[in-house]
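Participant: Would you mind keeping the following structure in view while I ask a few things?
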Amino acid sequence: LIPDAFGFFLSNATVATVSRSTAMTAPGLTSIRTSGEKIEIVNQLLLPHTTEWLPVDSIEQAHDAIKSMKIRGAPAIASLAALAIASHLTKALQQDPAPEYLSSPDALKAHVEPQLQYLYTARPTAVNLGAATRRLTKVLNTSIAEGKDARAVAQDLIVEGKAIDGEDVYRNKEMSKWGGEWLVEQVKKRGGSGDHLNVMTVCNTGSLATSGYGTALGLITYLHETRKLDTAFFTQSTPYHQGSRLTAFELISLKIPSVMLCDSMVGSLFQHKGIHGIAVGADRIAKNGDTANKVGTYNAAVLAARHNIPFIVVAPVSTVDLEIENGSQIPIEHRPPLEARLVRGALYPFTSNAQGVKEQATVMVTPEDLEGVYNPSFDVTPAELITAIVTERGVAVKAEGSNVFDLSGIV
Ligand code: MRU
């Protein structure tokens, strides 16, 4: 075993997985923990004030946790779906008598395929979830075609499910390094020193949204680790406050100098602070580079173009959906209107219950009889406004004079 550029030990160059515990750069920053076939997720609706671990014992619980956003972030929900299938099948293999669906490969297929489909419906925009379920479907079909018995097919699915989760950290480190170094070069080309960079991000794309290290937040972390970062700026990302609750929590835990702004202050920030780059994640990237990400990303991209600031999308290759030509075909999830009318958080001044847990409250900020609410969870940033798309494979830019990317060769 040889250490790679980041100090991780890889058994070979192509299949590189890093366990969650190895990946943690700050204690407590993880969305999922596993022990054998047992899965627990941290309830992200209660962070940062309360760390509540919830068991995920079934496919239904995994689906509900994703749908209710107790776990969120495109790679993290794909990991949970894959691990839930792996855990479900591990338990089935241990059962005595064995469940009926282990009696034949066809019975197993009839059991697993609807479950994959069900998991995929939990949130429609993040394609990683679909990529994970498609990958598991492919393994299912290939193993059956190879003539394996149901138990062996189930075993293959377990291995694949765990691999989907395990690969995420390594590729995050790859893309973070590619993107961080690319941004430093861009700043130098523009006459800057490439040191003391101010980078803004949207939503939460760190360890809580992935299996570890993060994508756009990984890029920021990489710049910090290589002493190139001055300050990380992040939007609150209302109405769910992934920025003020989760990104703030991660940046403080990682001791990265950071400043929060309200979503409406991005224009002011670009006018008054020297921002060197914007790094955002993605839930789905169309073949031409149009990118769906947390609502508010498009606003930031329009303003970045106005201020000539590099706008970088950082995401794994599995976020690229080559079946979709452009952003108009990306399904955009609309969340329940009520969610945009509520603010959730710890009571302040803080009060604790008998167990020492800070008490939380949900407060309605609108008139009770408000009916009209526009609440898309994501928006689409046209490729024209994106300077670079960074994956674990490297940095993609547009051809000279083109407004779109050609991502056809990336997958
Ligand atoms: O609604 P969320 O919190 O799941 O939205 C998350 C985002 O938009 C992230 O930017 C994206 O999933 C990438 S996470 C690495």
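Participant: Taking the range 133-153 as the search range and keeping residues that are closer than 17 Å to His88 by Cα and hydroxyl-bearing (Ser, Thr, Tyr), which one is modelled with the highest pLDDT?
Facilitator: It comes out as Thr137.
Participant: Right, here's the next one. When you check Pro376 against the structure, is it over 13 Å from Ala282 (Cα atoms) and under 24 Å from the mean Cα position of the chain (by Cα), yes or no?
Facilitator: yes
Participant: Among the listed residues Lys294, Lys287, identify the single one that is in contact (Cβ under 8 Å) with a residue 40 or more places away in the chain, among the basic types (Lys, Arg) and surrounded by fewer than 24 Cβ atoms within 10 Å (Cβ to Cβ).
Facilitator: Of the residues listed, the single one that is in contact (Cβ under 8 Å) with a residue 40 or more places away in the chain, among the basic types (Lys, Arg) and surrounded by fewer than 24 Cβ atoms within 10 Å (Cβ to Cβ) is Lys287.
Participant: Another question, if that's okay. Anything in the range 341-382 that is in a strand (DSSP E or B) and more than 24 Å from Arg72 (Cβ to Cβ)? List them, or say none.
Facilitator: Within the range 341-382, just Ser352 meets the criteria.
Participant: For the range 219-258, enumerate the residues that are acidic (Asp, Glu) and either within 16 Å of the ligand (Cβ to nearest atom) or within 15 Å of Gly73 (Cβ to Cβ) (or both).
Facilitator: Within the range 219-258, Glu250 is the sole residue that qualifies.
Here is a yes/no grid of residues against (1) of a type outside the set (Gly, Ala, Ser); (2) assigned to a helix (DSSP H, G or I):
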residue	(1), (2)
Ala86	no, yes
Pro97	yes, no
Tyr101	yes, yes
Leu108	yes, yes
Tyr118	yes, yes
Leu129	yes, yes
Thr133	yes, yes
Lys138	yes, yes
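Participant: Might you check whether a residue that is out of contact with any His (no Cβ under 6 Å at 6 or more places or on another chain), surrounded by fewer than 22 Cβ atoms within 10 Å (Cβ to Cβ) and assigned to a helix (DSSP H, G or I) occurs anywhere in the range 188-201?
Facilitator: Yes, the conditions are met somewhere in the range 188-201.
Participant: Restrict the check to the range 259-280 and report whether at least one residue is within 10 Å of the ligand (Cβ to nearest atom) and either touching a strand residue (DSSP E or B) at 6+ places or on another chain (Cβ under 7 Å) or touching a residue at least 40 places away in the same chain (Cβ under 8 Å) (or both).
Facilitator: Among the residues of the range 259-280, at least one is within 10 Å of the ligand (Cβ to nearest atom) and either touching a strand residue (DSSP E or B) at 6+ places or on another chain (Cβ under 7 Å) or touching a residue at least 40 places away in the same chain (Cβ under 8 Å) (or both), which makes the answer yes.
Participant: Does any residue of the range 306-320 turn out to be under 29 Å from Glu167 (Cβ atoms), within 19 Å of the chain's Cα centre (by Cα), β-branched (Val, Ile, Thr) and surrounded by fewer than 21 Cβ atoms within 10 Å (Cβ to Cβ)?
Facilitator: yes
Participant: Another one. Just checking, which of Gly194, Gly212, Gly179 is under 20 Å from Thr231 (Cβ atoms), within 16 Å of the ligand (Cβ to nearest atom), touching a residue at least 24 places away in the same chain (Cβ under 8 Å) and touching a helix residue (DSSP H, G or I) at 6+ places or on another chain (Cβ under 9 Å)?
Facilitator: Gly179
The values are calculated or read from the model by the stated rules, or taken from the named source; none is laboratory data. Here the structure is a predicted model, which is why all the values come from computation and not from measurement. When we count neighbours, we look across all protein chains shown, and the Cβ atoms used for this are built from the backbone with ideal geometry, even at glycine.
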